[in-house]
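All remarks here apply to the structure that follows.
Any read-out appearing in this document is the output of simple, stated calculations on the displayed coordinates, not a laboratory observation. These figures come from a predicted structure and were not determined experimentally. Glycine gets a Cβ as well: all are built from the backbone with ideal geometry, and neighbour counts include every protein chain shown.
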Amino acid sequence: MSGTEHSLTSTEYIKHHLTNMTYGQLPDGSWGFAENAEQAAAMGFWAINVDTMGWSLFLGVLFFIIFRSAAKKASSTTIPTGLLNVAETAIEFVEDNVKNMFPYKNRMIAPLALTILVWVFFMNFMDLFAVDLIPGIAQQIGGAMGYDPHSVFFKIVPSTDPNITMGMALFVFVLVVFFSFTQKGLVGFAKELCLHPFSSNIFIVQAALIPINFVLEIVNLIAKPISLGLRLFGNMYAGEVIFILVAIMFGAGYAFAFLAGGIQIIWALFHILIISLQAFIFMVLTIVYLSMAFQNADEH
């Protein structure tokens, strides 16, 4: 805690907005919130980004409440309007994509795809809130509790935290491996890893190709969750940085503030496309990866 306050430089302002509210073990052995990015990094594996977890769980519950409410209103005689219409449109959109990209029977894929699409969209949508609005409220609350407002960090866009995006990608990866085993068996999955992409009818040549195939397929398998998580994180993080840079322009005089206002509106409108596209891409790649996990060797 500290009573000192000072004006942030542009660099400090950017760093402040890109730092999570992190809870973990402090250098003196006690547990508490990090007061700077260095302390947060030193906390290690068991630290938790409270703001990321809080917002992602809140938005997940919000998704559940909205679609449960829509499901309760839906009936064969009800004409969909408002929220029900939006929910049904989203469900039909997901169903069409699943039917086109997943030619197998599994009752989990469509609900999973819907959850990913809406939940990721909700997390991305938080980037459209004014940069200083909610973090500023958090600082006021922290200041009232005796903390230096500049040591109160509060990010509101969960998808700009690689812990969230990579965690979701890791879950998809686990499902891919699980279905690969259950659908193809241990032997079938091993053949997929060892007999592709290069094959030969000559036994000695095929045996020599197994190590090469295995390395290539393992790299390909591991690259899927990494690219899936980093793509979402990278796009959303870049978008957040641009909003922060535009916000800095507001403090550089009236001329720059007027220019910043125009840029902010244009970028926000363009960003609506980005947040929707990134949610859609994450969903589509998840469906594609799971469809590939169901494929047998003859379908390659």
Shape of segment 82-182, Cα gyration tensor, a/c cut at 1.5: oblate
Cross-link partners of K191 among aspartates and glutamates (Cα-Cα below 14 Å; sequence separation of 8 or more within a chain): E217, D298, E299
Label-point separation in nm, S69 to T115, each point 7 Å along Cα→Cβ: 2.1 nm
Order of F270, F153 - criterion: other Cβ atoms within 10 Å of each residue's Cβ, fewest first: F270, F153
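Could you tell me whether segment 6-69 comes out rounded, prolate or oblate from its Cα gyration tensor? Rule is a ≥ b ≥ c as square roots of the eigenvalues, rounded for a/c under 1.5, then prolate if a/b exceeds b/c, otherwise oblate.
Values: a/c = 3.76, a/b = 1.58, b/c = 2.38.
Verdict is oblate for segment 6-69.
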Most fluctuating residue given options S276, S151, S199, as computed from a GNM of the chain linking Cα atoms under 10 Å: S199
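Using alpha-carbon pairs under 8 Å, 6+ residues apart, how would you state the relative contact order of the chain in percent?
On the way: 311 pairs, mean separation 71.4, N = 300.
Reported as a whole number, the value is 24 percent.
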Degrees, to the nearest 10: 133-144 long Cα axis against longest axis of the chain: 60 degrees
FRET E, pair R231, A252, Förster distance 25 Å, beta-carbon r, rounded to 0.05: 0.15
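Which of the pairs K99/K224; K73/K105; K15/K224 have their Cα atoms more than 26 Å apart in this structure? Provide the component values of the computation, followed by the final result.
On the way: K99/K224 22 Å; K73/K105 28 Å; K15/K224 30 Å.
Beyond 26 Å: K73/K105; K15/K224.
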